[in-house]
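In what follows, a single structure is set out as structure tokens and then discussed.
Read-outs throughout are calculated quantities, based only on the coordinates presented, and are distinct from any laboratory measurement. The model shown is predicted, which means the values in this text are computed figures rather than measured ones. Cβ coordinates were reconstructed from backbone atoms using ideal geometry, including for glycine residues, and neighbour counts include every protein chain displayed.
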Amino acid sequence: MLPAFLLSGLLALNPFAPAPRLLPLAPAVATSVDPCRLYGTVFLETDPRRRGQCFGVVYQEPEEAFADVLVYQETNKLFADKVGLWYLSDSRDFADYVLFVTDNRNLADFSFHYTKVRGHAGCRKQ
């Protein structure tokens, strides 16, 4: 019984098989958030403890001229169907995108500015 047990343990470890080849890891691709693809329900997070759970980091620009995206705040989530049209959600659980709002413009992926005209909403041409 003991020799059979030892033989099965030796076969399980298989010391005669070649070592498995490890594939090289693919280099990590640093992707930034594309502001020209964001629309729909958005939740703006301000708690720095939840920053890691957010889709991206944004800065609310006080001037329209320097913003990457002009945002029109919709009152109905069904109408937020194009770039720059955001419906601001009260709950992060029901939002399509959760964005962390920062005070420092240098730490943000992109900046946005609220506009009062729906036709002006959208991504700035770079």
Computed over the chain: longest principal axis from alpha-carbon atoms vs helix 2-13 long axis, angle to nearest 10 degrees, is 40 degrees
Which percent, nearest 5, of DSSP beta bridges in the chain are antiparallel? 10 percent
In the chain, if the dipole is taken from +1 on Lys/Arg beta carbons and -1 on Asp/Glu beta carbons about the Cα centre, which of Leu99, Pro62, Gly119 is farthest to the positive end? Leu99
For Lys116, put the label point 7 Å out on the Cα→Cβ axis and report which residues of the range 48-90 keep their amide N under 12 Å from it. none
Lone cysteines in the chain, going by a 4.7 Å Cβ-Cβ cut-off? Cys54
Compute the length gained on full extension between Ser8 and Arg37: take 0.36 nm times their separation in residues and subtract their Cα-Cα distance, giving the result in nm to one decimal. 4.7 nm
Overall dimensions of the chain as given by Cα atoms, namely Rg and Dmax in Å: 25.2, 84
Could you list Lys125, Lys77, Lys116 in order of exposure, starting from the residue whose Cβ has the fewest other Cβ atoms within 10 Å? Lys125, Lys116, Lys77
Per DSSP helix of 4 or more residues, -39500 (n - 2.57); summed, then divided by the residues of the chain. What does that give at 222 nm, rounded to the nearest 500? -3000 deg cm²/dmol
With a cut-off of 8 Å between alpha carbons and a minimum separation of six or more residues, what is the relative contact order of the chain in percent? 34 percent
Suppose every Lys and Arg Cβ carries +1 and every Asp and Glu Cβ carries -1, with no other charges. What dipole size does the chain come out with about its Cα centre, to the nearest 20 debye? 320 debye
